[in-house]
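The values are calculated or read from the model by the stated rules, or taken from the named source; none is laboratory data. Being a predicted model, the structure only gives us computed values, none of them experimental. When we count neighbours, we look across all protein chains shown, and the Cβ atoms used for this are built from the backbone with ideal geometry, even at glycine.
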Amino acid sequence: MTVDFALIGTGVLGLAALPAMTTSRLGIAERLGFKSTARPSAQPTPQSPAYADSLDAELQALLAVLPLLLRGGLSPIKALEWCASRARGDLGVALIRGLAEVSLGQSEERVLADLADRLQTPSMREFSVKVRSALHRGNRLAEMLQSQAVGIEGRMRAARIAAAAKAESRMMVPLVFVILPVTIGVALLPSIAAISQLA
């Protein structure tokens, strides 16, 4: 399943064209939960590395879509509302809760600050600061969010490489301490038997 961003641009936002999205970013957007009913098998606890990694993956998916909506003319809050209605996971729940507070009269900047405090990851704090800065000073939010998406992707790639290196090291343990000694023993056994017979 993939998200048809061209349909979103023409049918929902009325854009003439949308920038091409890479296959990897489409896969990340699917992990955010757009039109997906998949659920994670494990529930990581807050403050754990798995929890932070899960939120970073959800945030990266959000950052793949959000700049398109902003360039289409939506305000940051309206764009977040569109994403929250299609999101899954802890980030989606937190966005829906925060946007509900906005609709009840809470200030947007206060809600974004609370969102960062609630989720408590460096990436979410950076995201909150960027959106609040755009709301307050009128900064170019789409470019800032794309830059953050690139940073998150780089950190996730480095983490995967590190995990693969650790797995490779663990695979060497049975090779060195089990398979290799058994192989040497089997190779030497006939020679040892022959020497014993001669003795």
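The requirement of being out of contact with any Ser or Thr (no Cβ under 9 Å at 6 or more places or on another chain) and over 30 Å from Lys78 (Cβ atoms) is fulfilled nowhere in region 142-153; no residue meets it. Tallying residues that are of a type in the set (Gly, Ala, Ser) and either under 17 Å from Arg132 (Cβ atoms) or surrounded by fewer than 16 Cβ atoms within 10 Å (Cβ to Cβ) (or both) within region 85-97 yields 2. In region 127-152, the qualifying residues are those that are more than 21 Å from Ala94 (Cβ to Cβ) and in contact with a helix residue (DSSP H, G or I) (Cβ under 6 Å, 6 or more places away or on another chain), and the one that is modelled with the lowest pLDDT is Asn139.
Within the set Ala116, Ala162, Ala134, Ala100, the sole residue that is in contact with a Pro (Cβ under 8 Å, 6 or more places away or on another chain) and surrounded by 10 or more Cβ atoms within 10 Å (Cβ to Cβ) turns out to be Ala134.
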